[in-house]
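The block underneath contains the structure these notes are about, expressed in C-alpha cells.
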Amino acid sequence: MRTIEAAAISEAVAKLSMDANYFLTDDIYQAIVNAEQNEESPLAKEILTTLSENACIARDEHMPICQDTGMAVVFMEIGQDVHIVGGDLKQAVDAGVAKGYIEGYLRKSVVDDPLFERKNTKDNTPAVLHLDIVPGDKIKIVLAPKGFGSENMSALKMCKPSDGVEGVKKFVVDTVRNAGPNPCPPIVVGIGIGGTVEKATFLAKKALIRPISTRNSDPKYAQLEQELLTMVNATGVGPQGLGGRHTALAVNIEHYPTHIAGMPVAININCHATRHAEIVL
Amino acid sequence: MTDVIRITTPLDEAAARSLKAGDSVRITGTIFTARDAAHKRMVEALERGENLPVDLHDQIIYYVGPSPAKPGQVIGAAGPTTSGRMDRYAPRLMEEGLRGMIGKGLRSSEVVDAMKKYGAVYFAAIGGAAAVIARTIKKYEVLAYDDLGAEALAKLTVEDFPAIVVIDSQGRDFYDEGRKKFSRE
C-alpha cells in the first residue's frame, strides 16, 4: 500500500489548471498548422494563422489561450493500492482548482446554483470529478477545462438499433452543421456510443481527451472516425463558421456495450482550444 | 491578406450602412463590454424608465468576459463569447442607438430585423484568439455593474481591433454565404 498526501493532489491539480489553459497540446497545435497549409479559403487561412499565433503568445506569456478558461473537468484513475492521507479527496481536488484559477489569473466561470441564484463561486469550484479505481499504486489525473461555447452545442440521441451507422452519421453531421460558428470551429468532435444515457455522455467527454493523432483501436470505429471527419468537413462551415474546408480537426469515438433495445449516441463538441493536461502521481 | 477597412468609433449610421458582410475591419477608439447579465440589467433599467449607465448612441458593444489581468497587464485574455445569449436584449439596445455588436456565432431573426431597421452591424471576432485580441486593447475601465466581475459593463480603448462583418445592415449573413460556398454536401 502506497500513501499519497491529499496536499500533493491539490498541488498537482493547481498546476494542471494553469498548464491546460496556457499550453495547447502538440497534437492540436500541429493539426491547426496543417489545416492552415491546406485551407482553400483565404479568410479561413488567415483565421488559422491567427489561432497558431495565439497559441504561441499564450505559451510564451503564460496567458490563457481563451478567456473562457472553462469549468474544470477532472478525470482521476486511482490505483487500488493507493491510500490517500491527510485530507478529503474531493476537497483536495477543489482546493487545487481554486489555487490554480486564482494564482493563474484564470477566469472564474462557475455559478453555485444552476437555476435560481446563479451566484459566482469566485474560485471556479466545484470541479466536475470523475473517479475510477484501477489496478496499481499510482494516481493519474487528467484535467480538461471545458468552455461552454462548445459545451452548449452538445447533443444526445437515444437512437434505435435499426438507425445503424447511417443514423449515427446523420445525427453527427446535422449537429455540427446546426452548431455552425457557435462552438468556435475548427472543432474536435467527441462521440460516445452505447452504454446507458450517462455512460454515453461520459464517453463523449472522455473521447475529447484522447490525442487527436490516435484513432480508435477497433478498425471499424477508426474507419467511422475518418468517414465522419470527411463528412463534417464537407459541410463547409469552416474555421469560425465563415466557410472553408476545416470544420473539424478530428472526430474521436469511444464505445461501450449496450442494451438489446437501444443505441445511445452522445456528441460533445470542443473548440479548437481543446485543452487538457495530465500527470501521474 | 484580404483587404482591410479601418473604422473608428463612434460609428454613425452612414458608416455602418456602408459596411458589407464579409468585410475585414480594424476598429480603433472606444468600445463597451457587456454579456448577458449586464444586458439584462440595462434592459430592465430601460423598462423602469431609467437611463443607461452609458449613452449607446453610435457605439459598439463587445460581448466579452475577460480573464483577470496579471500585474502590469491592461486586460487578461479577451476573446468574444457566443452572441446568441444576447439576442433577447439586443433589439432594445439598438432602439437606443447601439450601432455595432462584436461577438461570435449565430443571431436570431429578431436581431437581424432590428439591425436592418436601425442600421446596425454585427461583427465577429475570432473566438479563441483571446491572447492576440488582448494586444489590441490599450485600456480597460469598469463603468458599471462592478459586482458582475468579468461580466461588468466596461469601456475599452482599442487600436486596430480585428473583426469581420458577418451580418450587415441589409441583413446579409456571411456565415450562411461562407458555408454554402464551401459546402460539398
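Peptide A:233-241 has a mean shielding of 6, counted as Cβ atoms of other protein chains within 10 Å of each residue's Cβ. Classify the range B:5-182 as rounded, prolate or oblate, taking a ≥ b ≥ c as the square roots of the eigenvalues of its Cα gyration tensor: rounded when a/c is under 1.5, otherwise prolate if a/b is larger than b/c and oblate if not. Note, shape of the range B:5-182 comes out oblate.
Placing pseudo-labels 7 Å out from each Cα toward the beta carbon at A:Ile133 and B:Arg88 gives an inter-label distance of 4.4 nm.
For chain B, the solvent-accessible area with a 1.4 angstrom probe is 41 square angstrom per residue. Between B:Pro66, B:Pro53, B:Pro80, the GNM of chain B built on Cα springs shorter than 10 angstrom shows B:Pro53 fluctuating the most.
Scanning chain A for trypsin sites (Lys or Arg not before Pro) lying in DSSP loops with no more than 16 further Cβ atoms inside 10 Å, the longest uninterrupted stretch between such sites is A:139-281.
When the other protein chains are added to the chain by itself, burial of at least 30 square angstrom of heavy-atom accessible area (probe 1.4 Å, ligands and nucleic acids ignored) affects these residues of the range A:152-189: A:Arg177, A:Pro181, A:Asn182, A:Cys184. Think of the range B:5-182 as having a plus end and a minus end, set by charges on the Cβ of Lys, Arg, Asp and Glu; of B:Ile31, B:Val165, B:Thr9, B:Val165 sits farthest toward the positive end of this dipole. Computed over protein heavy atoms with a 1.4 Å probe, the accessible surface of the range A:1-59 works out to 42 Å² per residue.
For chain B, what does the relative contact order come out to in percent, with C-alpha contacts under 8 Å and a separation of six or more? Relative contact order for chain B comes out at 29 percent. Only lysines eight or more places from A:Lys119 in sequence, or on another chain, were considered; those with a Cα closer than 23 Å are A:Lys90, A:Lys99, A:Lys108, A:Lys146, B:Lys40.
For the pair A:Met158 and A:Glu61, label points projected 7 Å from Cα toward Cβ lie 4.9 nm apart.
Once the Kirkwood radius over Cα pairs is known for the protein assembly as shown, the Stokes-Einstein relation at 37 °C and 0.692 mPa s delivers a diffusion coefficient of 144 µm²/s.
For the range B:96-185, the list of trypsin sites (Lys or Arg not before Pro) that fall in a loop by DSSP and count at most 12 other C-beta atoms within 10 angstrom reads B:Arg184. Out of the range A:104-174, which GluC sites (Glu not before Pro) are coil in DSSP terms and have no more than 16 other C-beta atoms within 10 Å? Sparse-neighbourhood loop GluC sites (Glu not before Pro): A:Glu117. Counting charges near B:Ser169 (Lys, Arg +1; Asp, Glu -1) among other residues having Cβ under 11 Å from its Cβ returns a value of +4. If you plug the beta carbon distance of B:Arg184 and B:Val4 into 1/(1 + (r/R0)^6) with R0 = 41 Å, you get a FRET efficiency near 0.90.
Among the residues of A:53-64, the average count of other protein chain beta-carbon atoms within 10 Å of the residue beta-carbon is 5. Within the protein assembly as shown, A:Cys56, A:Cys66, A:Cys159 have no other Cys Cβ under 4.7 Å of their Cβ and so lack a disulfide-compatible partner by this rule. Computed from the C-beta positions of A:Thr214 and A:Val165, the FRET efficiency with R₀ = 30 Å rounds to 0.90. Where both bridge residues fall in chain B, DSSP classifies roughly 55% of the beta bridges as antiparallel. Given the protein assembly as shown, what percent of its DSSP beta bridges are antiparallel, to the nearest 5? Taking every DSSP beta bridge within the protein assembly as shown, about 55 percent pair in antiparallel fashion.
Using a 1.4 angstrom probe on protein heavy atoms only, the contact between B and A buries about 3500 square angstrom of accessible area, both sides summed.
Considering only A:His255, A:His246, A:His83, the mean-square fluctuation computed in a Gaussian network model of chain A, springs between alpha carbons under 10 angstrom, is largest for A:His83. Extending 7 Å from the Cα toward the beta-carbon at both A:Thr49 and B:Ser24 defines two label points whose distance is 0.7 nm. Expressed as a whole percentage, what fraction of the accessible surface of chain B belongs to carbon and sulfur atoms when a 1.4 Å probe is rolled over the protein heavy atoms? C and S atoms contribute 46 percent here.
For chain A, the carbon plus sulfur part of the accessible surface works out to 56%, probe radius 1.4 Å. Along the range A:244-257 the Karplus relation, 6.51 cos²θ - 1.76 cosθ + 1.60 evaluated at θ = phi - 60°, assigns HN-Hα couplings of x, 8, 10, 8, 10, 8, 6, 10, 10, 10, 10, 9, 7, x Hz to successive residues, with x for each Gly and Pro. In the structure shown, the pairs A:Lys206/B:Lys181; A:Lys169/B:Lys180; A:Lys220/B:Lys181; A:Lys170/B:Lys20 are assessed against 26 Å; a Cα-Cα span above that value is assigned to A:Lys206/B:Lys181; A:Lys220/B:Lys181; A:Lys170/B:Lys20. Summary value for chain A: 26 percent relative contact order, contacts being C-alpha pairs under 8 angstrom separated by 6+ residues.
For the range A:33-140, chymotrypsin sites (Phe, Trp or Tyr not before Pro) are listed when DSSP marks them as loop and at most 16 other Cβ atoms sit within 10 Å of their Cβ; the list is A:Phe116.
Given the options A:Val111, A:Val232, A:Val168, state which has the largest fluctuation in a GNM of chain A using a 10 Å cut-off (strictly under) for Cα springs. Looking only at A:Val111, A:Val232, A:Val168, the biggest GNM fluctuation is shown by A:Val111.
In the full protein context, the range A:149-274 carries 37 Å² of accessible surface per residue, based on a 1.4 Å probe and ignoring ligands, DNA and RNA.
The values are calculated or read from the model by the stated rules, or taken from the named source; none is laboratory data. It should be emphasised that the depicted structure is a prediction, and the values quoted were computed from it without experimental measurement. Using ideal geometry, Cβ is built from the backbone for each residue, glycine included, and neighbour counts are taken over all protein chains shown. These area figures cover heavy atoms from the full protein model, side chains too; ligands, DNA and RNA do not enter into them. Shrake-Rupley method; radii C 1.70, N 1.55, O 1.52, S 1.80 Å.
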